[in-house]
Structure formats: C-alpha cells, structure tokens
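What follows is a short report on a single structure.
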Amino acid sequence: QVQLVESGGGLVQAGGSLRLSCAASRSIFGITMRWYRQAHGKQRESVATITSGGSTDYEDFVKGRFTISRDIAKNTVYLQMNSLKPEDTAVYYCATDGTTRYWGQGTQVTVSS
C-alpha cells in the first residue's frame, strides 16, 4: 500500500506556470506513476505518465506544455505545467499504475483568463 499526497496547486493567470508535486509514503522505484485531472462536471482523464524505466508519455492536449518527472530518492513525482490555459482548470491527481491503483486526494488548479 502507498499513500500519495499532491501539492502545488493554486490560482494562476493564463500563460502562467505551476509545479505540482506528489509525495509517496514509500519508494516509487519500479512503479509507473500517472497524473490525471478532473474538471468540474467531466470525467477524470489521464494527463501524463512516467514509467518504471523513466520513459514519459503525454496526452496531446498537454504535449509541449507539461513535463512529468520524478525524484526517486525523495519518493516524489512532479508535473511542471507551463503555458497554462483556462481549460487546464481541474483537480489534479497522481496515481500509481498497476493491478491496484492508489490515488492521492488531489490538488486544485485554477487558470484564469
């Protein structure tokens, strides 16, 4: 089992940047981690993935703007978000991948126009 705690959300103007963090209660070595988001009234959607081997993948709507990374020594995954748009407004969650998926509680990101 692993607990995940997201932080770093907030209110930012369009074009601005935020860096989200996801701190895990134990080592994330060998674990694929994902960031998801859920806008009000919409389904949760995948945003970015970092595999156990360190490869990254992004949904088209964030490619070139968001960067997922990790610090295994700190048990932390990050999501650097640049050139934010109002449509990026959502609650952002990190999660483990695998047979059992663990989720954080989410952090709100609001982008004003």
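Somewhere in segment 33-47, is a residue at pLDDT 95 or above, out of contact with any helix residue (DSSP H, G or I) (no Cβ under 7 Å at 6 or more places or on another chain) and of a type in the set (Val, Ile, Thr)? Taking every residue of segment 33-47 in turn, none turns out to be at pLDDT 95 or above, out of contact with any helix residue (DSSP H, G or I) (no Cβ under 7 Å at 6 or more places or on another chain) and of a type in the set (Val, Ile, Thr). For segment 95-109, filtering for residues that are open to solvent by less than 60 Å² (accessible area, probe 1.4 Å), of a type outside the set (Gly, Ala, Ser) and either assigned to a loop (DSSP other than H, G, I, E, B) or under 16 Å from residue 10 (Cβ atoms) (or both) leaves 3. Regarding residue 19, is this residue open to solvent by 70 Å² or more (accessible area, probe 1.4 Å), in contact with a strand residue (DSSP E or B) (Cβ under 6 Å, 6 or more places away or on another chain) and part of a loop (DSSP other than H, G, I, E, B)? Here the answer is no, as residue 19 does not meet what is asked.
Residues that are within 21 Å of residue 105 (Cβ to Cβ) number at least 1 in the following strands (runs of 3 or more DSSP E) confined to segment 44-87: 45-50, 66-71, 76-81. Among the residues of segment 22-39, those that are touching a residue at least 24 places away in the same chain (Cβ under 8 Å) and not in a strand (DSSP E or B) comprise 25, 26, 27, 28, 29, 31, 32, 39.
Taking segment 27-58 as the range and being among the basic types (Lys, Arg) and either open to solvent by less than 20 Å² (accessible area, probe 1.4 Å) or farther than 12 Å from residue 96 by Cα (or both) as the test, the residues that pass are 37, 42, 44.
Look at segment 81-94: where a residue is in contact (Cβ under 8 Å) with a residue 40 or more places away in the chain and open to solvent by 10 Å² or more (accessible area, probe 1.4 Å) and a partner is of a type in the set (Phe, Trp, Tyr) and in a strand (DSSP E or B), sitting 6+ places away or on another chain with Cβ atoms under 7 Å, you get 93/36; 93/103.
The values are calculated or read from the model by the stated rules, or taken from the named source; none is laboratory data. Please read these numbers as outputs of a predicted model, since none were measured by experiment. Here Cβ is always computed from backbone atoms with ideal geometry, including for glycine, and neighbour counts include all displayed protein chains. When the accessible area is computed, the model is the full protein with side chains, heavy atoms only, and any ligands, DNA or RNA have been set aside. Shrake-Rupley method; radii C 1.70, N 1.55, O 1.52, S 1.80 Å.
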